[in-house]
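Right, one structure below, let's go through it.
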Amino acid sequence: MKLIVAGFALLIFWSSNVSAQWARYPDNSIPRTRDGKADLAAKAPKARDGKPDLSGLWQPEPDPAGLPKGVPIVESIHETFAIPRFFIDVTAETKPAEGLLQPAAGATFLQNLQSGGKNDPGAHCKPTGVPAIANLPIPFKIIQTEKLVIILYEEGSVFRQVFLDSRKTVQDPQPRWMGYSTGKWEGDILVIESSGFTEKSWLDRLGHTHSEAMRITERYRRTDVGHLEYEVTINDPKTFTRPVKYTQKASLVPDEDLLEYFCTENEKDTQHYR
């Protein structure tokens, strides 16, 4: 497989940024072991309304065994880490892969694959979009209230609002990078329905795209204090012949917080893509 992803060049910055958060400040809401460390295996916390509390700073987990052949483990001055495989290929768990793309979408994917990443919106400082932004090796923060869940992403310093107040999905929406999201609880799982996406974003770095008809269902579950998993189902009949589904895991980053991140100042990549 030809390694594309011009965005990989950005990972060297991202990887160094992972360890450069705020000075550590103990979070008293996190249970501790006798030596004062966060007890990440403790029982998942509850919010005041009795629902599972998803709040926290989360880092998507790598899956080096599942990465496409030829994709490197990125080294930085701070650490060595592997990239979440769905950051590379959102269809990695969709079997069989044959016949998955509609003809026009297949042609677009092939063009993107052969372009060496030059068409990647992220390489031109465009927002990553949903659901790909939650597969980046960069932290995101969940803030949960009874009627609203806010997800803050360090990459691009963008946010999502997930409304839990029974409002209906926006009809004839103005397309957005983050879309429009509503949610509800099904037991211990937060189910988020999203639509109204701009077709300008990519689903992964290989170059899978989508149409404005895309609808996404996410199912968030906190398995314990230190671990979160979110199952993502992408429905887009104009792009895929059947739904694309995968599950990404994330680990809690205790006692730290987000930094702002912008791909704007001193940007020198686009001159190489002309």
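The values are calculated or read from the model by the stated rules, or taken from the named source; none is laboratory data. A quick note: this is a predicted structure, and the numbers were derived from the prediction, not measured. Because the Cβ atoms are built from the backbone with ideal geometry, glycine has one as well, and the counts that use them run over all protein chains shown.
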Residues that are among the aliphatic types (A, V, I, L, M) and within 25 Å of C125 (Cβ to Cβ): find the strands (runs of 3 or more DSSP E) completely inside the range 163-274 holding 2 or more of those.
-> 227-235
Considering only the range 126-167, how many residues are more than 14 Å from I192 (Cα to Cα), loosely packed, with under 14 Cβ neighbours inside 10 Å and not hydroxyl-bearing (S, T, Y)?
-> 3
Which of (1) farther than 22 Å from P137 by Cα; (2) surrounded by 15 or more Cβ atoms within 10 Å (Cβ to Cβ); (3) in contact with a Pro (Cβ under 7 Å, 6 or more places away or on another chain) is the odd one out, the single condition V225 does not satisfy?
-> (1)
Restricted to the range 30-57, and to residues that are assigned to a loop (DSSP other than H, G, I, E, B), of a type in the set (K, R) and at pLDDT below 95, which residue is surrounded by the most Cβ atoms within 10 Å (Cβ to Cβ)?
-> K37
Qualifying residue in the range 115-123 (condition: closer than 22 Å to I216 by Cα, modelled with pLDDT of 95 or more and either touching a His at 6+ places or on another chain (Cβ under 7 Å) or not small (G, A, S) (or both)) = no
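So is E199 farther than 17 Å from A92 by Cβ, of a type outside the set (K, R) and in contact (Cβ under 8 Å) with a residue 12 or more places away in the chain or not? Break it down into steps so the answer makes sense when it comes.
Details: farther than 17 Å from A92 by Cβ: yes; of a type outside the set (K, R): yes; in contact (Cβ under 8 Å) with a residue 12 or more places away in the chain: yes.
Yes; evaluated as a whole, the condition is true for this residue.
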Could you please find all residues in the range 99-148 being β-branched (V, I, T), closer than 23 Å to M214 by Cα and under 16 Å from the mean Cα position of the chain (by Cα)?
-> T128, V130, I133
